[in-house]
Amino acid sequence: MPGNSQRKGAIRKKPRGNPTAGSGGRVRRGLEGKGPTPKAVDRVKHPAHKRAKAAERAKERERTRRPAARKDNDSAVEWVYGRNPVVEALRAGVPAAALHVAEGTERDARLREALLVAVETGVSVLEVPRAELDRVTAGGSHQGVALQIPPYEYAHPDDLLDRAHAAGEVPLIVALDGVTDPRNLGAITRSAAAFGAHGVVVPERRTASMSASAWKTSAGAAARIPVARAGNLNRALKSYKDAGLLVIGLDMNGAVDLPSFEAATEPIVLVIGSEGKGLARLVRENCDLIVSIPMTSATESLNAGIAAGVTLYEISRRRA
């Protein structure tokens, strides 16, 4: 049409200058994506994440309770042998599978006592060839008698905390780091039971186990208080911290003297180190506080079992 400068269907050009604001202008950044949405199991507050964590804890608990693999039938049990050790073990309440007596053994007062206690406590008495006792004790001086001890059934570290909560008590747990003498483990277990602790935790490796020697030293306390085994001690300590417990290390170079330990009434995990090396570096770093027992300069250090007993007594006294 004459006078009309634009033809029908022609493309209209935008005027030059600043573009009009729109979805492609200044609000473009607000429309940009923030990356892929994390999986439900990776979101901390999502139920799927909580279920996955619960399943991991259950799997770890089952793994620590599973008995260790063994090469033969004898390696799964322990033996206490000799007349005096056998009588002491039976008196202490060590859980025994059977009392083995060699054929033809003279029955003196100690053997008669062992037989009497075994019958009273329901322990089976078996008469076996002397060569059999020589074999299971690896040629030790058994004096014609040996007590068969089943493998110890360890608890899970979480069980100790559950035990405290079920009793409505402030948690007190003892953890051992590098304590390799089973007699020290037995002594610490005995002190833990005497002063109201809810259990003892030991790592799986490089530590004493609940052997017959530890049972005897505990004087039966191991039957009254659980001993748990942790696949990784540092992870167990962090788990306790997440549950609200204070991790207190016991070391001769501690920042706080035991008499000044004001946190004794709080939920506590007391960590006992080895006599020679003390607390391992990573374990020390996981501690909220390091406590020491004041001593005279003539005494360099205390036995781990004695140090644990002194500290547990002080905690018990302050909680009373």
For residues in the stretch 270-300 being open to solvent by less than 10 Å² (accessible area, probe 1.4 Å) and farther than 16 Å from Leu185 by Cα, which is modelled with the lowest pLDDT? Ser292
Residue hits (the stretch 126-149; within 27 Å of Arg205 (Cβ to Cβ) and surrounded by 14 or more Cβ atoms within 10 Å (Cβ to Cβ)) are Val136, Thr137, Gln148, Ile149
Residue check for Asp242: open to solvent by 20 Å² or more (accessible area, probe 1.4 Å) and in contact (Cβ under 8 Å) with a residue 24 or more places away in the chain: no
Given (1) in contact with a helix residue (DSSP H, G or I) (Cβ under 7 Å, 6 or more places away or on another chain); (2) open to solvent by 70 Å² or more (accessible area, probe 1.4 Å); (3) more than 30 Å from Leu147 (Cα to Cα), number of the condition Ala264 does not satisfy: (2)
Can you pull out every residue in the stretch 155-197 that is in a strand (DSSP E or B) and buried (at least 24 other Cβ atoms within 10 Å of the Cβ)? Leu172, Ile173, Val174, Ala175, Leu176, Asp177
For the stretch 187-240, enumerate the residues that are over 12 Å from the mean Cα position of the chain (by Cα) and aromatic (Phe, Trp, Tyr). Phe195, Trp215
If the requirement is being under 22 Å from Ile293 (Cα atoms), of a type in the set (A, V, I, L, M, F, W, C), touching a residue at least 24 places away in the same chain (Cβ under 8 Å) and buried (at least 19 other Cβ atoms within 10 Å of the Cβ), which of these qualifies: Val200, Val256, Val227? Val200
The number of residues in the stretch 211-224 that are among the aliphatic types (A, V, I, L, M) and open to solvent by 10 Å² or more (accessible area, probe 1.4 Å) is 2
Please name all residue pairs, on different chains or six or more residues apart, with Cβ atoms under 8 Å, provided the first residue is in the stretch 110-138 and is farther than 21 Å from Pro95 by Cβ and in contact (Cβ under 8 Å) with a residue 24 or more places away in the chain and the second residue is of a type outside the set (S, T, N, Q) and open to solvent by 70 Å² or more (accessible area, probe 1.4 Å). Glu127/Glu103; Pro129/Glu103; Arg130/Glu103; Arg130/Gly104
Taking interchain pairs and intrachain pairs at least six residues apart, which have beta carbon atoms under 7 angstrom, with the first residue in the stretch 143-171 and under 30 Å from His100 (Cβ atoms) and the second among the acidic types (Asp, Glu)? Ile149/Glu78
Got at least one residue in the stretch 103-123 being surrounded by 12 or more Cβ atoms within 10 Å (Cβ to Cβ), aliphatic (A, V, I, L, M), modelled with pLDDT under 90 and in a loop (DSSP other than H, G, I, E, B)? no
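The values are calculated or read from the model by the stated rules, or taken from the named source; none is laboratory data. Predicted, not measured: the structure shown is a model, and the values here were computed from it. Every residue, glycine as well, gets a Cβ built from its backbone with ideal geometry; the counts of neighbours run over all protein chains shown. Just the protein is used for accessible areas: all its heavy atoms, side chains included, with ligands, DNA and RNA removed. Shrake-Rupley method; radii C 1.70, N 1.55, O 1.52, S 1.80 Å.
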